[in-house]
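Engineer: Below you'll find the structure I mean.
The values are calculated or read from the model by the stated rules, or taken from the named source; none is laboratory data. These figures come from a predicted structure and were not determined experimentally. Note that each Cβ is placed from the backbone with ideal geometry, even for glycine, and that neighbours are counted across all protein chains shown. What goes into the accessible areas is simple: the full protein's heavy atoms, side chains included, and nothing from ligands, DNA or RNA. Shrake-Rupley method; radii C 1.70, N 1.55, O 1.52, S 1.80 Å.
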Amino acid sequence: MKAAKLVRLICDIWIVVFVLGFILALSWYLGGSFEIAPTEEQKEKARIGAAVLMAVAGALCTVGIAARIKLGRYRKSNEGEGTKCEWSAHR
């Protein structure tokens with residue numbers, strides 16, 4: 001039981017970290033470069049890097065969400081079976 005909660009917590013942390021990474025990449029994409037006076041070439045490189053970072057962070061966040069959903073379904077399917085066994089043992 002505690003192991004399942006730990007795995008769900010890790011999935012939640014995973015999702016938050018990559019959502020924050022996506023938000024950072026989005027701000028980097030919209031702002032261009034972090035240079036004080038960037039050239040057009042620096043802006044274009046920053047946007048390409050930000051787009052790649054958004055794609056990677058988005059994909060990893062999607063993996064975390066899918067794993068969290070799968071864990072929730074697994075828990076619910078096993079929860080009904082566990083309560084039947086516990087209930088019949090108490091009678």
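Engineer: Counting only other residues whose beta carbon sits under 15 Å from that of L60, what net charge do I get with K and R as +1, D and E as -1? Mind dumping the intermediate values first?
Structural biologist: On the way: positive: R68; negative: D12.
Its environment carries a net charge of 0.
Engineer: May I ask for the net charge around F18, where only other residues with Cβ less than 15 Å from the Cβ of F18 are counted and Lys, Arg are +1 while Asp, Glu are -1?
Structural biologist: 0
Engineer: Here is a follow-up. Just the accessible area for W28, please: 1.4 Å probe, Å², rounded to the nearest 10?
Structural biologist: Result for W28: roughly 70 Å² accessible.
Engineer: Let me ask another. Considering only the other residues whose Cβ falls under 11 Å of the Cβ of S33, what net charge follows from Lys and Arg at +1 and Asp and Glu at -1?
Structural biologist: With Lys, Arg at +1 and Asp, Glu at -1, the neighbours total -1.
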